[in-house]
Amino acid sequence: MEVVIRQHEQQCGVTAADIIADAVACGATTLGLATGSSPLSVYRELIRRHRKGGLTFADVQAFLLDEYVGLPPGHPQSYAHVIRAEFTDHVGIASDRVHSPDGIAEDIFGAAQAYDALITDAGPIDVQLLGIGANGHIGFNEPGDELASRTHRVKLADSTRRDNAGLFAGDISKVPREALSMGMGTILKAATVILIATGERKAQCVEQMVHGAVTPRLPASFLQLHRDVELYLDHSAASRLSPRSRP
Ligand code: GLP
């Protein structure tokens with residue numbers, strides 16, 4: 001894992017945006033995108049460069065990591081809606097080139113399989129952008145006794161639902177109990193993985209991700225198995241890393 005530490009969240013975003021912009025300029029056509037607050041600085045910077053001119057996403061297809069089960073795509077907190085509002089609509093990626101698992105399919109199992117097949121057909125994903133949950137989840141791969149490799153239905157951890165309740169007017173009862181998520185196997189097939197983590201709350205899971213054992217108890221630890229993972233951290237998120245792993 002390559003660790004890049006910056007003073008502020010915004011600087012993490014700018015540095016990570018360099019990698020994505022270079023990849024797209026060099027012909028990358030498939031991007032894996034994450035929601036949550038962590039990637040926002042990356043999206044802001046990519047939007048800025050697109051508006052300034054010179055950075056086009058005309059050939060790009062985007063694949064979302066995950067989606068809540070039961071929220072229609074127009075719901076303000078459905079990830080399909082969020083990614084358009086925060087990124088893809090602002091850089092000219094047409095909505096039919098922005099893909100996400102179908103959280104309102106009658107056949108959720110079939111929808112998960114269909115999503116993996118779509119990624120396999122278009123992929124491999126050139127650059128996969130990730131955040132990390134405070135409990136070490138990636139996408140919605142929650143800690144447990146075992147991990148699913150491919151896109152699958154997930155029961156959300158109570159802590160994750162609490163963490164996300166702020167986006168549902170602070171009402172945890174409004175946070176869906178389930179989601180569809182790419183599996184760690186799907187994620188690890190990406191050519192390059194970029195993870196952004198900022199703030200003290202992420203320091204412990206970042207430490208375990210980098211220094212701990214590879215275990216389904218901390219899904220992010222599986223990123224140790226990938227040969228091109230870049231971690232963009234601010235000083236707070238990196239505060240528990242051993243000096244040896246710091247650049
Ligand atoms: C959600 C998303 C994850 C994201 C995580 C952390 O659970 N499904 O993809 O990484 O939240 O969010 P944040 O970046 O806001 O801390």
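Right, Glu45: touching a helix residue (DSSP H, G or I) at 6+ places or on another chain (Cβ under 7 Å) and among the charged types (D, E, K, R) or not? Taking the combined requirement at face value, the residue satisfies it.
Note on region 68-91: residues that are touching a residue at least 12 places away in the same chain (Cβ under 8 Å) and open to solvent by 60 Å² or more (accessible area, probe 1.4 Å) total 5.
Is it the case that some residue within region 55-66 is hydroxyl-bearing (Ser, Thr, Tyr), at pLDDT 95 or above and either within 15 Å of the ligand (Cβ to nearest atom) or open to solvent by less than 10 Å² (accessible area, probe 1.4 Å) (or both)? Within region 55-66 (the criterion being hydroxyl-bearing (Ser, Thr, Tyr), at pLDDT 95 or above and either within 15 Å of the ligand (Cβ to nearest atom) or open to solvent by less than 10 Å² (accessible area, probe 1.4 Å) (or both)), the answer is no, since none of the residues qualifies. Taking (1) more than 26 Å from Asp102 (Cβ to Cβ); (2) free of Cβ contacts under 8 Å to residues at least 40 places away in the same chain; (3) surrounded by 17 or more Cβ atoms within 10 Å (Cβ to Cβ) in turn, Arg6 satisfies each apart from (2). The condition (being under 20 Å from Arg244 (Cα atoms) and open to solvent by 30 Å² or more (accessible area, probe 1.4 Å)) is satisfied by just one residue among Arg201, Arg177, Arg227, Arg162: Arg227. Checking each residue in region 117-159 for being buried (at least 18 other Cβ atoms within 10 Å of the Cβ), acidic (Asp, Glu) and farther than 30 Å from Asp59 by Cβ picks out only Glu142. Among the residues making up region 100-137, those that are aliphatic (A, V, I, L, M) and not in a helix (DSSP H, G or I) are Ile104, Ala105, Ile125, Val127, Leu129, Leu130, Ile132, Ala134. Scanning region 34-49 for residues that are among the aliphatic types (A, V, I, L, M), within 11 Å of the ligand (Cβ to nearest atom) and open to solvent by 10 Å² or more (accessible area, probe 1.4 Å) yields a total of 1.
The values are calculated or read from the model by the stated rules, or taken from the named source; none is laboratory data. Computed from a predicted structure; not experimentally measured. Note: ideal-geometry Cβ built from the backbone for every residue, glycine included; neighbour counts use all protein chains shown. With ligands, DNA and RNA removed, areas are computed over all heavy atoms of the protein, side chains included. Shrake-Rupley method; radii C 1.70, N 1.55, O 1.52, S 1.80 Å.
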